[in-house]
Amino acid sequence: MRIVMIGSGYVGLVSGACLADFGHHITCVDKSVEKIDALERGEVPIFEPGLDTIIAQNRAAGRLDFSKDLAAPVASADVVFIAVGTPSRRGDGHADLTYVYAAAREIAAAVEGFTVVVTKSTVPVGTGDELERIFRDEFPDKDISVVSNPEFLREGAAITDFKRPDRIVLGTEEPRAIEVMREVYRPLYLNEAPLYFCERRTSELIKYAANAFLAMKITFINEIADLCEQIGADVQKVAKGIGMDKRIGDKFLHAGPGYGGSCFPKDTLALVKTAQDYDSPMRLIETTVAINDNRKRAMGRKVIAACDGTVRGKKIAILGLTFKPNTDDMRDAPSITIVQALLDGGADVHVYDPEGMDAAREVLGPVVYGRDPYEIADGADAVVLITEWDEFRALDFKRLKTLVSQPVLVDLRNIYPIAEVTRHGFSYFAVGKKSGS
Ligand code: UDX
């Protein structure tokens with residue numbers, strides 16, 4: 001099959017590379033000249049484990065290429081995926097669909113013969129209907145069917161999520177489009193990944209509902225963590241205890257500094273706005289958004305409390321900046337708010353992240369960037385772990401102890417047992433479990 005992916009950002013590149021790996025012929029298109037030039041030189045503009053290898057192998061096999069121009073590849077395509085960005089619109093939090101509609105009109109002008117246009121970008125309910133209207137009214141002689149196919153890719157695990165998905169949601173009721181989409185995902189279907197066909201609007205809502213539910217689940221355990229600290233319980237054990245109930249499940253119950261990233265903050269906000277517009281407000285999600293926003297600042301206060309109530313003139317070493325490990329993505333990372341709170345409190349903030357420092361330079365205030373955990377811990381009054389990168393999971397506490405000015409570890413991801421830290425003379429502060437020294 002000939003498939004075109006419009007938008008070679010995170011979702012477009014991962015989806016394009018994986019579909020090429022299934023044997024389809026894929027052209028990834030992007031308006032950014034630098035991005036396409038870099039991809040053609042063999043450089044991958046984002047950090048995602050395994051992606052560079054898949055791209056290189058499929059280019060070498062002649063199944064994957066890149067283009068700045070969409071007209072030629074779209075003309076010969078069976079399927080065109082729209083995977084352009086849908087950022088939060090400035091001012092009102094609605095998803096900004098400018099890029100989606102612009103891409104759709106360019107696609108419609110270029111298609112020849114029956115073509116399926118698929119929205120992979122996260123789009124508000126009704127966007128597929130609007131695309132259909134645009135195609136019908138403005139391009140009446142074109143034969144296009146619009147399908148919704150939301151992505152559920154986690155950054156850092158996107159290749160596995162694409163190739164071993166829990167399900168593939170496909171919003172269309174048109175028999176010709178159903179047949180084409182079955183063909184696109186046939187290799188996964190053979191792998192027993194369920195293809196779940198439903199109406200287009202339902203499919204669009206599934207994406208928002210899934211992300212909102214997961215954001216709510218994280219927020220729930222974060223509030224339980226706060227209660228644990230007050231009553232002397234252990235949130236990790238509570239999570240395990242409730243997670244063994246299959247109706248609840250044990251995933252997404254890690255208490256921490258609050259969720260961030262490119263999806264949860266944006267999608268929860270967009271769902272709240274849509275629900276308000278339809279006069280069907282979602283109070284649970286409104287509250288989830290508010291709790292999560294407050295939590296990031298509260299984590300700054302937690303660090304200040306661990307430093308005996310003030311960080312003025314103190315050196316704070318921050319381990320991990322990205323919103324989660326195995327990505328270089330800083331979008332809505334809790335670290336941004338936490339670092340700001342510490343800077344506001346007069347701290348001298350030193351930071352280190354394995355992959356996120358370039359992106360961090362664009363969003364963090366005046367901090368000092370170090371080369372590794374030990375360099376920034378030198379003379380520190382507290383070491384604060386914000387992102388659970390593997391390289392922070394086995395810190396050499398003996399060495400750290402000789403470097404720091406005050407042996408204080410604030411572990412916002414609960415990756416250490418208290419005994420392991422206090423044994424080396426550190427005071428330990430975690431989230432929702434016992435602190436001590
Ligand atoms: C998410 C969804 O998982 C994916 O299906 C969707 O399509 C895109 O958004 P992603 O943003 O890459 O993926 O990361 P995810 O692993 O879901 O984590 C999101 C945030 O929640 C991170 O900040 C993470 O640290 C936090 N989180 C996650 C927790 O605090 N606790 C948890 O138990 C799980």
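Worth pointing out:
- Rounded FRET efficiency, nearest 0.05, which uses the C-beta distance separating residue 252 from residue 114 and R0 of 41 Å: 0.50
- Averaging the Cα positions of each part gives two centres, and for the stretch 310-339 and the stretch 387-433 these lie 16 Å apart.
- Spin-label pair residue 96/residue 424, simplified geometry with 7 Å Cα→Cβ offset, distance in nm: 4.4 nm
- The local environment of residue 79, defined by Cβ-Cβ distances under 12 Å, has a net charge of +1 under the rule Lys, Arg +1 and Asp, Glu -1.
- Normalised Debye scattering of the stretch 324-413 at q = 0.13, 0.20, 0.24 Å⁻¹ gives log10 I(q)/I(0) of -0.40, -1.01, -1.47, counting only Cα atoms as equal scatterers and leaving out solvent.
- Solvent-accessible surface of the chain, taken per residue with a 1.4 Å probe and all protein chains present: 45 Å².
- Applying 0.36 nm per residue to the separation of residue 305 and residue 237 and subtracting their alpha-carbon distance, the gain on full extension is 22.0 nm.
- Spatial offset of the stretch 2-47 relative to the stretch 127-198 amounts to 18 Å, using the alpha carbon center of each.
- Helical runs (DSSP H, four residues minimum) scored at -39500 (n - 2.57) apiece and divided by the length of the chain put the mean residue ellipticity at 222 nm at -13500 deg cm²/dmol.
- Interatomic Cα distance distribution for the stretch 119-198, bins of 5 angstrom, percent: 3, 14, 21, 22, 18, 11, 7, 3, 0
- Histogram of C-alpha separations across the stretch 59-165, 5 Å bin width, %: 2, 11, 19, 21, 19, 15, 9, 3, 0, 0
- Cα-based Lys pair tally, the stretch 278-407, threshold under 26 Å, eight or more apart or on separate chains: 13
- Cα shape, the stretch 288-437, gyration tensor, a/c 1.5 rule: rounded
- Estimated FRET transfer efficiency when R0 is 45 angstrom, pair residue 398-residue 189 (beta carbons, to 0.05): 0.25
- Charged neighbours of residue 249, selected by a Cβ distance under 13 Å, balance to +2 (K, R count +1; D, E count -1).
- Pairwise FRET efficiency - residue 141 versus residue 226, Cβ, R0 = 56 Å, nearest 0.05: 0.40
- Cross-link pairs 31/251; 31/266; 120/237; 68/163; 35/120 - those with Cα-Cα distance over 30 Å: 31/251; 120/237
- For the chain, Kirkwood radius (reciprocal of mean inverse C-alpha pair distance, Å): 23.4 Å
- Reducing the stretch 349-372 and the stretch 85-123 to their Cα centroids gives an inter-centroid distance of 34 Å.
- With the simple model of a label 7 Å out from the Cα in the direction of the Cβ, residue 361 to residue 405 spans 2.7 nm.
- Equivalent ellipsoid of the stretch 2-198: semi-axes from √(5λ) of the C-alpha gyration tensor, largest first, are 23, 20, 18 Å.
- Summed residue charge, Cβ within 10 Å of residue 337's Cβ, Lys/Arg positive, Asp/Glu negative: +1
The values are calculated or read from the model by the stated rules, or taken from the named source; none is laboratory data. Just so it is clear, the structure is predicted and the values come from calculations on it, not from any experiment. For neighbour counting, all protein chains shown are included, and Cβ atoms are generated from backbone atoms with ideal geometry for every residue, glycine included. Remember, those area values only see protein heavy atoms, side chains included, never the ligands or the DNA or RNA. Shrake-Rupley method; radii C 1.70, N 1.55, O 1.52, S 1.80 Å.
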